[in-house]
Amino acid sequence: MTRRFLFVLGSARTDGNTELLARRAAEQLPPDVEQRWIRLAEHPLPDFVDIRHDGPVQPPADDNVGQLLDATLAATDIVIASPVYWYSVSGLTKRYLDYWSDWLRVPGADFRATMAGRTLWGVSVLADEEESVADPLNGLLHNSAAYLKMRFGGVLLGNGSARGDILKDTRALARAKTFFARDAALARFPHETEGRPGAPTP
C-alpha cells in the first residue's frame, strides 16, 4: 500500500512553530509518499454533540466533517501537529479527535477496522524547556492509538514561543530529520485504555 500522510494542523495561528517543525520532518519523507495538509482553523467543525446512545449516527451532513472523515480514512499515517496548549492539544485538535467517537458509528465507514494497524504520530512545540510538560499530550495520543489498535510513532517535540523560535532549536531540527524514518516503537495495547474514563465507549 502506498503510504499517505495526513498532517492535521491544530494551531490557532498560521505558520506557527509546530507547523514549521512538522514541515521540516515531512521534507525527509520519500517523494513517493503522498502528503495532505489540513489546517483545522480553515475547516471549522461544529460543536461536538455526543449522541452515542440516541440512535444510529448518520453520515456527516457538514462538509468540513465529511472532508475530515474522508481524509482520515484515506491516510495510512496521521500526524497530529498541535502546539501544547494548557499541557495538552489545542482546542481545535481536541474537537477533531472528539469526532472520532462519532465516526466509530457512521454506517459504512468501518472507522475502527480501517484505523487498526495504521500509524498515529504527533508533532508539538511548547514554550517550556521541560519536555515532561507535554506528557498529557503524549498520553492522549498514545492512548487514542492504543484504543483503535493503531501503531504509535511517538511525538516529535520542540521548544519555542514567538513565531520562528523553533528554527533555533537545533536538537528538535536534528530529530526531525529522522522522525518519520523510525518504525513505530509502541505497537498496539488496546487493553491499556478500554474501560478507562475518557476513552470512547463502543
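Here, each number is a calculation from the coordinates, and none is a lab measurement. All figures in this text were calculated on a predicted structure; none of them were measured in a lab. Cβ coordinates were reconstructed from backbone atoms using ideal geometry, including for glycine residues, and neighbour counts include every protein chain displayed.
Here the peptides 135-147, 77-89 are ranked by packing, the mean other Cβ count within 10 Å, and the order with the highest first is 77-89, 135-147. Considering all different alpha carbon pairs of the range 4-192, the Kirkwood hydrodynamic radius works out to 16.8 Å. Taking every alpha-carbon pair under 8 Å whose residues sit at least 6 apart, the range 4-192 reaches a relative contact order of 27 percent. Extending 7 Å from the Cα toward the beta-carbon at both VAL49 and ASP15 defines two label points whose distance is 3.9 nm.
Remark: spin-label model distance TYR87-ALA41 equals 2.5 nm, labels positioned 7 Å along the Cα→Cβ axis. For the range 78-181, the alpha carbon positions stretch 47, 29, 21 Å along the principal axes, listed from largest to smallest. Sorting 95-106, 34-45 by their mean Cβ neighbour count within 10 Å, with the most densely packed peptide first, gives 95-106, 34-45. Can you list the residues of the range 10-26 with backbone N under 15 Å from a point 7 Å past the Cα of LYS168, pointing along Cα to Cβ? Flagged as within label range: 17.
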